[in-house]
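Each remark here refers to the structure printed beneath this line.
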Amino acid sequence: MTATDKAVAQAPAARQPVAARDAAASVRARRTKRLGRFGLNSVALALTVLFLFPVYWMFSTSLKSNSQVLVKDPVFFFTPTFEHYSTATGVDLFWTYVRNSLVVTLAAVLLALLVALAAGFAIARLHFRGRRGMVLVVMMAQMAPWEILIIVMYLNARDAQALNSLVTLIVIYFVMALPFTIWTLRGFIAAVPKELEEAALIDGCTRTQAFFRIIFPLLAPGLMATSLFGFIMAWNEYAMVLVLNKAPEMATLPLWLTQFQTNFGNDWGATMAASSLFTVPVLIVFILLQRRVTGGLSAGAVKG
């Protein structure tokens, strides 16, 4: 056998250790990846439990009897009772509070969406003097804490004889939700290719028709994200209504949550029942729209 034949015969044997090492390295890589995924899932599960525990405690407390609520050691196993929900919904003017909250919240959100669509389109598509300054003003308005304006708003509403008015709350909540709505919708409008709008203009559409036929249908995730943000903001807002609407018939649900006090302290069962009822609508809407809302917030923040 020649030297060449020996080299050819020995080649597979020489390659076997290399193949074995590659296989071992691949097994270790898969094991490391599996362990890393397990660690990340464990951390995510722990954080989920941490953040959901207060929600669970609120709902569970609302279903306990008073003797089980006011105990030193927590009670995890109990027979549910709905007496606290009866107390919470039996408050005077409860349905008036519900109606006021729905009217103020929905009106403010719709107004913010209508104005933000026009403003976002102007910022994203049109080039005019002061465009950059307008964007800067929108961002500054979003970052400003509205609580510092409560006294000014109270004095202006008092001078205009607009205290204890749902219209005043609608205008205030509309202005509070507007900067975020403009900024998010601007990103979505800018992400729509201009070629689609130009093609519609060439086909005979006006700019308004091109907007509603081409751009508007593509803004569903952004509209959901911004409307949900405005809904949560207006639904939860407490300070403005506390200062501006002291009349009980003009109050909203956040003030309803403060009414469960007795001569012996807070009625925690009724408070938790009211908080559960107050939270359920927002939780349901957010769970149903979670994927689109998350995509809408991220896309509107980085595009354009």
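The values are calculated or read from the model by the stated rules, or taken from the named source; none is laboratory data. Worth saying up front: this structure is predicted, and the values here are computed from it rather than measured. We place every Cβ from the backbone using ideal geometry, glycine too, and count neighbours over all the protein chains shown. Just the protein is used for accessible areas: all its heavy atoms, side chains included, with ligands, DNA and RNA removed. Shrake-Rupley method; radii C 1.70, N 1.55, O 1.52, S 1.80 Å.
Which of 238, 85, 56 moves most in a GNM of the chain, Cα contacts under 10 Å?
Comparing 238, 85, 56 in the GNM, the peak value goes to 56.
Of the residues 258, 96, 48, which exhibits the maximal mean-square fluctuation in a Gaussian network model of the chain defined by a 10 Å Cα contact cut-off?
Of the options given, 48 has the highest mean-square fluctuation.
Toward the positive end of the charge dipole of the chain, about the Cα centre and with charges on Cβ (Lys, Arg +1; Asp, Glu -1), which of 179, 192, 216 goes farthest?
192
Post the alpha-carbon centroid distance, the range 108-133 to the range 27-84, in whole angstrom.
43
Where does the charge balance sit around residue 204 when Lys and Arg score +1, Asp and Glu -1, over other residues with C-beta under 15 Å from its C-beta?
Numbers: positive: 207, 213; negative: 197, 198, 203.
Taking every other residue near residue 204 into account, the sum is -1.
Could I have the simple spin-label model distance between residue 73 and residue 160, label points 7 Å from Cα toward Cβ, reported in nm to one decimal?
It works out to 5.9 nm between the two label points.
Would you please state which residues of the range 168-203 a label at residue 93 would reach in this model, taking the label point 7 Å out along Cα→Cβ and a backbone N cut-off of under 17 Å?
Residues 168-170 qualify, since their backbone N sits under 17 Å from the label point.
Three principal axis extents, largest first, for the C-alpha atoms of the chain, in Å?
Here the Cα extents, ordered largest to smallest, are 110, 69, 33 Å.
Lys/Arg Cβ at +1, Asp/Glu Cβ at -1, dipole of the range 177-288 taken about the Cα centre: which of 248, 260, 202 is farthest positive-ward?
202
Given 25 °C and 0.890 mPa s, how large is the Stokes-Einstein diffusion coefficient of the range 118-228 in µm²/s, with Rh as the Kirkwood radius over Cα pairs?
Reported coefficient: 152 µm²/s.
Hey, what number do you get for the chain at 222 nm if only DSSP H runs of n ≥ 4 count, each worth -39500 (n - 2.57), divided across all residues, to the nearest 500?
Value at 222 nm, helices only, nearest 500: -24500 deg cm²/dmol.
Could you do me a favour and compute the accessible area per residue for the chain, 1.4 Å probe, result in Å²?
Per-residue value: 62 Å².
Where the accessible area of the chain is counted over protein heavy atoms with a 1.4 Å probe, how much of it, in %, is carbon and sulfur?
Details: 12740 of 18760 Å².
C and S fraction of accessible area: 68 percent.
Could you check which residue among 95, 256, 183 shows the biggest mean-square fluctuation in a GNM of the chain with a 10 Å Cα cutoff?
95
Rg (Å, one decimal) plus Dmax (Å, integer) for the alpha carbons of the range 28-125?
In order Rg, Dmax, the Cα atoms of the range 28-125 give 23.7, 67 Å.
Roughly speaking, what is the stretch gain from residue 131 to residue 40, that is 0.36 nm per residue apart minus the C-alpha to C-alpha distance, in nm to one decimal?
That works out to 28.4 nm of additional length.
Taking the Cα of residue 284, stepping 7 Å toward and past its beta carbon, and measuring to each backbone N in the range 106-143: which are under 17 Å?
106
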